[in-house]
Amino acid sequence: MIDPLIVGYIGVVMLFVFLAIGIPVAVAMGVVGITGMYFGAGDMFIIGQLRSLPFATISAYGLAVLPLFVLMGVIAEASGITTDLFHAADIWMRRFRGGLYQAVIVGSAVFSAISGSTLVNALVFTRIAFPKMMDLGYSKSLSLGAIAGAGSFAAMIPPSITMVIYAIMTEQSVGQLLIAGLIPGILTAAVYLTGINVLVRINPKLAPNKNKPASWGERSRALGKIWPIMVLILLVLGGIYFGIFAPSAAGAAGAFGALVFGVYRMRGFRAWLPAALQDAAFISSIMFMILVGGLLLSRMLVVTGVIDHMVDGITSVADTPLKFMIMASILYLILGCFLDTTSMMVVTLPFLFPTVVALDINPIWFGIVLVKLIEISVITPPVGFNIFAVMSGVRGKATFGDVYKGVLPFIFLDLIVLALLIMFPQLATWLPATMIR
């Protein structure tokens with residue numbers, strides 16, 4: 001009989017081979033997990049896993065929050081709430097040079113609080129903001145970079161789908177993780193705003209100052225149109241922070257609130273709601289498939305002994321929390337060039353999280369650092385998913401070279417935030433510690 005440890009490592013190699021040749025990640029992880037468990041633990045073990053694991057995963061109450069957060073963001077976008085949000089941000093930022101860059105950053109940060117998806121954020125703001133930026137003579141590459149970079153805020157600012165997946169896989173509190181992302185998310189937006197201000201001052205050609213400052217009347221009217229978003233944010237985040245809702249219940253309340261506002265704004269639902277529901281169902285189904293495949297892979301790595309073996313190897317090299325965090329950061333920055341965010345997390349957490357436990361690293365802090373690395377990965381060439389979302393939104397009016405050039409300043413700014421999060425764990429851990437339970 002083949003040594004189970006050898007079976008496990010062969011499975012790891014085959015997984016990356018499958019991903020390299022383009023097999024969907026959910027299929028690749030599922031096939032490797034099932035095959036490895038069969039050869040490493042026997043047919044009865046794999047039969048038991050296939051009978052219980054997929055149903056137990058999809059029917060778990062905690063995972064109900066995923067499709068609900070997706071639904072809330074999709075409905076908010078389809079009903080036109082996002083357009084009003086960007087218009088308000090534009091009105092308020094006109095007095096600054098590069099005001100449209102600033103409007104994209106502020107608008108995307110606020111929309112992240114009801115979206116949860118980096119792809120949705122990037123695509124929505126490409127459609128809304130990019131044409132206006134071109135009309136006003138803004139830099140094409142920096143405009144695309146700002147939209148792609150700001151779209152990544154949805155991974156950090158709650159309700160973050162990425163954090164929910166991390167919480168489920170590591171058995172952490174979904175509510176605490178979501179709240180932990182608030183300060184790092186606001187910090188990232190502030191660093192972006194500062195970086196843009198510096199860039200346009202150094203090179204004024206990046207942002208011709210053609211917009212006239214808006215009057216206070218225009219500003220107040222613009223703010224008056226975004227009250228539905230403010231209500232949704234207070235409902236979801238306030239409910240979680242003050243212990244009024246569990247995260248799943250908060251997701252349900254948010255989705256229902258978005259539906260009510262959408263029907264009110266659109267004077268009905270037949271013209272837009274069926275397509276929005278279809279989009280939400282498609283996105284949620286893909287996420288569940290990846291999760292089930294990843295959990296099958298994780299079980300295989302546990303039963304074959306790969307996890308224990310790798311934990312021993314990693315802790316022998318990275319024997320302190322700081323060394324481990326630096327090593328993990330380098331690993332994710334490299335993987336982010338080739339894998340999508342959910343797949344990267346599902347593939348690597350079975351290896352790394354046991355080491356987090358072994359080194360007594362705060363799992364909330366590690367989760368926030370991981371999410372920041374994922375934010376960087378979605379704008380990292382060549383497989384940064386926000387880059388592809390932006391390119392699909394411009395419809396041939398820009399090249400990949402334009403986007404790659406534009407995201408470079410924002411990758412640098414994200415690395416600054418990453419360093420701050422590693423040096424000051426309290427940025428991630430303080431707010432969850434104050435939650436009312």
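The values are calculated or read from the model by the stated rules, or taken from the named source; none is laboratory data. No experiment lies behind these values; they were computed from the predicted model shown. Backbone-built Cβ (ideal geometry, glycine too); neighbour counts: all protein chains shown.
Among the criteria (1) more than 16 Å from the chain's Cα centre (by Cα); (2) assigned to a helix (DSSP H, G or I); (3) closer than 27 Å to residue 283 by Cβ, the one residue 172 does not fulfil is (2).
Checked against the criteria, residue 194 does not count as of a type in the set (Ser, Thr, Tyr) and either under 22 Å from residue 276 (Cβ atoms) or not in a helix (DSSP H, G or I) (or both). Checked against (1) modelled with pLDDT under 90; (2) out of contact with any Ser or Thr (no Cβ under 9 Å at 6 or more places or on another chain); (3) closer than 21 Å to residue 92 by Cβ; (4) part of a helix (DSSP H, G or I), residue 209 passes all but a single condition, namely (4). Out of 99, 151, 145, one residue alone is modelled with pLDDT of 90 or more, among the small types (Gly, Ala, Ser) and in contact with a Phe, Trp or Tyr (Cβ under 9 Å, 6 or more places away or on another chain). It is 145. Note on the range 279-296: residues that are out of contact with any Ser or Thr (no Cβ under 9 Å at 6 or more places or on another chain) and surrounded by fewer than 17 Cβ atoms within 10 Å (Cβ to Cβ) total 3.
Out of 355, 320, 315, I need the residue that is among the polar types (S, T, N, Q) and crowded, with 21+ Cβ neighbours inside 10 Å. Which one?
Answer to the check: 355.
Within the range 154-168, restricting attention to residues that are at pLDDT 85 or above and under 25 Å from residue 101 (Cα atoms), which residue is surrounded by the fewest Cβ atoms within 10 Å (Cβ to Cβ)? Within the range 154-168, the match that is surrounded by the fewest Cβ atoms within 10 Å (Cβ to Cβ) is 156.
Where residues in the range 201-222 are of a type in the set (A, V, I, L, M, F, W, C) and closer than 25 Å to residue 146 by Cα, which of them is surrounded by the most Cβ atoms within 10 Å (Cβ to Cβ)? So the residue we want is 207. Screening 33, 40, 62, 48 for residues that are at pLDDT below 80 and part of a helix (DSSP H, G or I) leaves exactly one candidate, 62. One residue stands out among those in the range 51-98 that are closer than 20 Å to residue 118 by Cα and touching a Pro at 6+ places or on another chain (Cβ under 7 Å): the one that is surrounded by the fewest Cβ atoms within 10 Å (Cβ to Cβ), which is 81.
Scan the range 247-275 and report the pairs whose first residue is in contact (Cβ under 8 Å) with a residue 24 or more places away in the chain and whose second residue is among the small types (Gly, Ala, Ser) and outside any helix (DSSP H, G or I), with Cβ atoms within less than 7 Å and a gap of 6+ or a chain change. Hits for this filter: 261/79; 262/79; 265/79; 265/80; 266/79; 272/79.
For the range 361-404, a residue qualifies if it is in a helix (DSSP H, G or I) and either among the small types (Gly, Ala, Ser) or in contact with a Lys or Arg (Cβ under 7 Å, 6 or more places away or on another chain) (or both), and the qualifying residues are 367, 377, 389, 392, 393, 401, 402. Are any of the residues in the range 242-259 part of a loop (DSSP other than H, G, I, E, B) and polar (S, T, N, Q)? No: zero hits.
Going by what's in this entry, would residue 231 be described as part of a helix (DSSP H, G or I) and surrounded by 18 or more Cβ atoms within 10 Å (Cβ to Cβ)?
no
Is it true that residue 189 is farther than 21 Å from residue 101 by Cα, of a type in the set (Gly, Ala, Ser), modelled with pLDDT of 85 or more and out of contact with any strand residue (DSSP E or B) (no Cβ under 9 Å at 6 or more places or on another chain)? Against the criterion (farther than 21 Å from residue 101 by Cα, of a type in the set (Gly, Ala, Ser), modelled with pLDDT of 85 or more and out of contact with any strand residue (DSSP E or B) (no Cβ under 9 Å at 6 or more places or on another chain)), residue 189 does not qualify. Summed over the range 21-50, the residues that are within 23 Å of the chain's Cα centre (by Cα) and either surrounded by fewer than 20 Cβ atoms within 10 Å (Cβ to Cβ) or of a type in the set (D, E, K, R) (or both) give a count of 4. In the set (1) surrounded by 21 or more Cβ atoms within 10 Å (Cβ to Cβ); (2) more than 23 Å from residue 76 (Cα to Cα); (3) at pLDDT 80 or above, the condition left unmet by residue 276 is number (2). The criterion of at least 3 residues that are closer than 30 Å to residue 57 by Cβ is met by the following helices (runs of 4 or more DSSP H) wholly inside the range 80-167: 99-115, 118-135. Selection of first residues in the range 31-51 that are free of Cβ contacts under 8 Å to residues at least 60 places away in the same chain and within 13 Å of residue 304 (Cβ to Cβ) and of second residues that are aliphatic (A, V, I, L, M) and part of a helix (DSSP H, G or I), restricted to Cβ pairs under 7 Å at least 6 apart or on distinct chains, gives the following pairs, ordered by first then second residue: 38/46; 39/7; 46/34; 46/37.
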